[in-house]
């Protein structure tokens, strides 16, 4: 886990896990700052309460294309 994460720290995606099914994933097409990913996760959780969403850091050399 990263310590001292800041609003503008880059390299984050939104990850998710279903509360009802054995499914999980990451939205890797859009890499953003921690703040943007955190806000997007909160928005998605309001729209889809059956899942849990969070901002997750990805390695700098991660190929998301």
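The values are calculated or read from the model by the stated rules, or taken from the named source; none is laboratory data. These numbers were taken from a predicted model, which means no experiment stands behind them. Counting neighbours? That spans all protein chains shown, and the Cβs are built from the backbone with ideal geometry, glycine included.
Observations, loosely collected:
- Taken over region 10-27, the criterion of being without any contact (Cβ under 8 Å) to a residue 40 or more places away in the chain and in a loop (DSSP other than H, G, I, E, B) is satisfied by 10, 19, 20, 21, 22, 23.
- Index of the failed condition, residue 37 passing every other in (1) at pLDDT 95 or above; (2) in a strand (DSSP E or B); (3) surrounded by 14 or more Cβ atoms within 10 Å (Cβ to Cβ): (2)
- Exactly one residue among 48, 65 is out of contact with any helix residue (DSSP H, G or I) (no Cβ under 6 Å at 6 or more places or on another chain) and modelled with pLDDT under 95, and that residue is 65.
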